[in-house]
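The values are calculated or read from the model by the stated rules, or taken from the named source; none is laboratory data. As the structure is a computational prediction, the values presented were derived from the model and not from experiment. Here the Cβ positions follow ideal geometry from the backbone for every residue, glycine too, while neighbour counts run over all protein chains shown.
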Amino acid sequence: MSPDPYLLAGAALFAIGLRGLLAHRNLLRCLLAINVMGSGVFLVFIAIGARGPLPDPVPQAMVLTGIVVSVCATGLGLALAERLQELTGRAELGEDDP
Amino acid sequence: MRRHISSVVAFVVFAVLAWGVTAEWTEPGGLVSEARASLDRAGARNPVTAVLLSYRGYDTLLEVGVLLLAIASVWSLRRVPSTEPHGAERPLLGALLELILPLVVVAGGYLLWIGSDLPGGAFQGGALIAGGLVLARLRGAYEPRDGVWLRLGLVAGLLVFVGVAAGTLAAGGRLLEYPEGRASSLILLIEGAAVVSIALTLGAMYLGGRPDRGSDEP
């Protein structure tokens, strides 16, 4: 199975997440967009590891580590957003909308 | 305006990435053969577990440290006062939990145990049990309290991992160089402590802040 569609899908996920991160002001949506970007990166890693006849365990282990770290980062980001909500009443970035 | 610019930027990024990932790869395979050749010395038959806890054990040690760092950061941000158990509002969830929670615990333990031979391991089992803890919290059946036991559980994974690492150094080898024949037992020891820490950390992170102290604490 050629991994090319998965590599392109990973790249597309990263770009879609990036677009969401840049376009939204609501912090929850930004956190979701970052998670989508992370999923894109993980997909590229796994697809790279699937090139040879046997699957490469090293990228898979790196993705497992990456998933755990991204869960921790998301949890911390959510706590930060909640704290911002407590302090300012809104969980959004900035006030200007060019 | 901002949305249009972001769409253009994202498309440019996608074009660059697509050009990059579809390049001609010269050496497919990476470290597959080397990784699979030393599995019996690594202490695990599952190559991913061998990479995680043997070849790249140091990375996993730091990853367990990241978990502790994350929960410490979340706790330093907010306090979450304890609420009265509100499980009476969710009878269906209670009925579901009576069926599911024992299965979750067994499945999590199974994932931990089977990780040496098949896909699984401490993180998978810990995450599953954390899901069970979140469900129990929704029902009001699990109220984490900031006390000695919770803190001990949160640090247990890192403590045991660092202890094993220090032991390998003290025994004269390099960092996390398991002694001959002891690799699989040490991996199970590390994973056993890690699964407790992972489940408690992820379950506590769902709270979003530091809970109240238990009633037995001053």
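Determine which single condition residue B:20 fails, assuming it passes every other condition in (1) free of Cβ contacts under 8 Å to residues at least 12 places away in the same chain; (2) farther than 30 Å from residue A:4 by Cβ.
Answer for residue B:20: the failing condition is (2).
Given (1) under 30 Å from residue B:48 (Cβ atoms); (2) in contact with a His (Cβ under 7 Å, 6 or more places away or on another chain); (3) of a type outside the set (Ser, Thr, Tyr), identify the lone condition not met by residue A:30.
(1)
Condition first: more than 7 Å from every other protein chain (Cβ to nearest Cβ) and surrounded by 19 or more Cβ atoms within 10 Å (Cβ to Cβ). Now tell me which residues in the stretch A:51-61 satisfy that.
The one that is more than 7 Å from every other protein chain (Cβ to nearest Cβ) and surrounded by 19 or more Cβ atoms within 10 Å (Cβ to Cβ): A:59.
Any residue in the stretch A:25-43 that's free of Cβ contacts under 8 Å to residues at least 12 places away in the same chain: show its pairings with residues that are in a helix (DSSP H, G or I) at Cβ separation under 8 Å, as long as the two are six or more apart or on different chains.
Close Cβ pairs (under 8 Å, with a partner that is in a helix (DSSP H, G or I)) amount to A:29/A:20.
If you scan the stretch B:147-188, which residues turn out to be exposed (fewer than 12 other Cβ atoms within 10 Å of the Cβ) and assigned to a loop (DSSP other than H, G, I, E, B)?
B:171, B:172, B:174, B:175, B:180, B:181
Restricting to the stretch B:24-53, give me the number of residues that are small (Gly, Ala, Ser) and either in contact with a strand residue (DSSP E or B) (Cβ under 8 Å, 6 or more places away or on another chain) or at the interface with chain A (Cβ under 10 Å from one of its Cβ atoms) (or both).
5
Answer yes or no: is there a residue in the stretch B:79-98 that is within 26 Å of residue A:68 (Cβ to Cβ) and either at the interface with chain A (Cβ under 10 Å from one of its Cβ atoms) or acidic (Asp, Glu) (or both).
Looking through the stretch B:79-98, at least one residue is within 26 Å of residue A:68 (Cβ to Cβ) and either at the interface with chain A (Cβ under 10 Å from one of its Cβ atoms) or acidic (Asp, Glu) (or both).
Could you run through the stretch B:133-146 and say how many residues are basic (Lys, Arg), in a helix (DSSP H, G or I) and surrounded by fewer than 19 Cβ atoms within 10 Å (Cβ to Cβ)?
Result for the stretch B:133-146: 1.
Do you know which residues across the stretch B:49-69 are in contact with a Leu (Cβ under 7 Å, 6 or more places away or on another chain) and surrounded by 23 or more Cβ atoms within 10 Å (Cβ to Cβ)?
Of everything in the stretch B:49-69, those that are in contact with a Leu (Cβ under 7 Å, 6 or more places away or on another chain) and surrounded by 23 or more Cβ atoms within 10 Å (Cβ to Cβ) turn out to be B:50, B:52, B:57, B:60, B:64.
Looking at the structure I just gave you, is residue B:142 farther than 27 Å from residue A:56 by Cβ, among the hydroxyl-bearing types (Ser, Thr, Tyr) and at pLDDT below 95?
yes
Could you tell me whether the stretch A:31-42 includes any residue that is in a helix (DSSP H, G or I) and facing chain B (nearest Cβ under 7 Å)?
No, the stretch A:31-42 contains no residue that is in a helix (DSSP H, G or I) and facing chain B (nearest Cβ under 7 Å).
What pairs can you find where one residue is in the stretch B:199-210 and touching a residue at least 24 places away in the same chain (Cβ under 8 Å), the other is assigned to a loop (DSSP other than H, G, I, E, B) and basic (Lys, Arg), and their Cβ atoms are less than 8 Å apart, with a gap of 6+ or different chains?
Listed by first residue and then by second, the contacts come to B:208/B:78; B:209/B:78; B:210/B:78.
Of the conditions (1) closer than 23 Å to residue B:207 by Cβ; (2) among the polar types (S, T, N, Q); (3) surrounded by 13 or more Cβ atoms within 10 Å (Cβ to Cβ), residue B:83 clears all except one; give me its number.
(3)
Return yes or no: is residue B:193 without any contact (Cβ under 8 Å) to a residue 40 or more places away in the chain and within 24 Å of residue B:105 (Cα to Cα)?
yes
Every residue in the stretch B:39-73 that is in a loop (DSSP other than H, G, I, E, B) and in contact (Cβ under 8 Å) with a residue 12 or more places away in the chain, please.
Result: B:43, B:44, B:45, B:46.
Right, residue A:54: part of a helix (DSSP H, G or I) and either in contact (Cβ under 8 Å) with a residue 12 or more places away in the chain or hydrophobic (A, V, I, L, M, F, W, C) (or both) or not?
For residue A:54, the condition - part of a helix (DSSP H, G or I) and either in contact (Cβ under 8 Å) with a residue 12 or more places away in the chain or hydrophobic (A, V, I, L, M, F, W, C) (or both) - is not met.
Of the residues A:73, A:91, A:81, only one is more than 7 Å from chain B (Cβ to nearest Cβ), closer than 25 Å to residue B:204 by Cβ, surrounded by 16 or more Cβ atoms within 10 Å (Cβ to Cβ) and touching a strand residue (DSSP E or B) at 6+ places or on another chain (Cβ under 8 Å); which?
A:91
If a residue must be outside any helix (DSSP H, G or I) and facing chain A (nearest Cβ under 9 Å), how many such residues does the stretch B:3-23 contain?
1
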